[in-house]
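I have placed the structure first, in the form of structure tokens, so that the comments after it can refer back to it.
A short reminder: the numbers here are calculations on the coordinates, not readings from a lab. Bear in mind that the values here come from a model prediction, so they are computed numbers and not experimental data. A quick note on method: Cβ atoms are made from the backbone with ideal geometry, for glycine too, and the neighbour counts reach across all protein chains shown.
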Amino acid sequence: MGADPPDDIGTPESIAYVAALAPPADEAKRRATVGLVMTAKEKLRVVVEDLSEREAEGALEYIASRRHDELGALLDGAPLDEEPSSAEEEAAVQVGREELARGETVSLDEIRAELA
């Protein structure tokens, strides 16, 4: 490093000196070690690195279960459509079901190719 360590412990200079000794790849752990303020994401990275693979899978499943997209939440909370269907709508649904039963469908790949 070249510079002599500072005489006073706990000063910004001494903290910076110790911080510079840590390898750059472990930035979050270095910040935790020298007492610098860490962001929530930095703290999370430190914790995640110490998890076993099994613990990491469980944590990931928990996080995924807690995330909701706004549209999904909106649709989940929307009232059911209680308006009765007309005879015309019921007939159209029946035609669609019959087409599906006969295998008269269009794949997503076919639609994408058509729209490209």
In the range 41-88, the GluC sites (Glu not before Pro) that fall in loop regions by DSSP, at most 12 other Cβ within 10 Å: GLU82
Viscosity 0.890 mPa s, temperature 25 °C, Stokes-Einstein D of the range 52-116 from Kirkwood C-alpha radius, µm²/s: 146
In Hz, Karplus ³J(HN,Hα) per residue of the range 54-61 (6.51, -1.76, 1.60; θ = phi - 60°; x = Gly, Pro): 5, 5, 5, 4, x, 5, 5, 4
